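Notes to accompany the following structure.
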């Protein structure tokens, strides 16, 4: 195997280890044609209560990885709309008043039966200490050849709503 092949394999393993370490649900690989894989129910990994609660809590979404730019832009808009509707304060990525930094990962997993939009959000304090994790999945249409083609506005909106609902409950 070439050095590039080894590096790619190690990179994939590192990504899976990073985002799988805090997950509480096993991944079941379906048989061909059974539908999209089941990642497990939406859940939150809580390391404890939110240190800053209520209107003093300010969230900065600093990164959304794994998705095409079109979906990142749409997800950012949906997060902002949902945060405003829930009176959750979201500030710019570089705002020093942010009490929490939110880093996220989106993935589209699909087969002949459809696609799942999978999301993982780690909430940290400004020093980088992880305080909270939100995970979930939303079913959508799509094809096994291009799972992102099946991720529509509805799936993005619901995932954003569930994310903001969880964050609001955590600091509530």
Exercise. If you go through region 138-145 one residue at a time, do you hit one that is free of Cβ contacts under 8 Å to residues at least 12 places away in the same chain and over 22 Å from residue 171 (Cβ atoms)?
Worked result: yes
Seminar exercise, completed: Residues of region 151-172 being in contact with a strand residue (DSSP E or B) (Cβ under 9 Å, 6 or more places away or on another chain) and in a loop (DSSP other than H, G, I, E, B), in sequence order, are 151, 152
Problem set entry | Lone unmet requirement of (1) closer than 21 Å to residue 53 by Cβ; (2) surrounded by fewer than 17 Cβ atoms within 10 Å (Cβ to Cβ); (3) under 18 Å from the mean Cα position of the chain (by Cα) for residue 85 | (3)
For this session: Give region 141-166 a look and list any residue that's closer than 13 Å to residue 68 by Cβ and out of contact with any helix residue (DSSP H, G or I) (no Cβ under 9 Å at 6 or more places or on another chain), or say none.
Result: 146, 147, 149, 150
Exercise. Of the residues that make up region 98-115, is at least one in a loop (DSSP other than H, G, I, E, B) and at pLDDT 95 or above?
Worked result: yes
For this session: Output the residues belonging to region 129-150 that are more than 23 Å from residue 54 (Cβ to Cβ) and either at pLDDT 95 or above or in a strand (DSSP E or B) (or both).
Result: 135, 136, 137, 138, 139, 140
Exercise. In region 114-128, is there at least one residue being touching a helix residue (DSSP H, G or I) at 6+ places or on another chain (Cβ under 7 Å), surrounded by fewer than 21 Cβ atoms within 10 Å (Cβ to Cβ) and in contact (Cβ under 8 Å) with a residue 40 or more places away in the chain?
Worked result: yes
For this session: Mind telling me which of the residues 44, 50, 23 ends up being farther than 20 Å from residue 154 by Cβ, in contact with a helix residue (DSSP H, G or I) (Cβ under 9 Å, 6 or more places away or on another chain), part of a loop (DSSP other than H, G, I, E, B) and at pLDDT below 95?
Result: 50
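The values are calculated or read from the model by the stated rules, or taken from the named source; none is laboratory data. Just so we're clear, the structure is a prediction, and the values are computed from it rather than from any experiment. For neighbour counting, all protein chains shown are included, and Cβ atoms are generated from backbone atoms with ideal geometry for every residue, glycine included.
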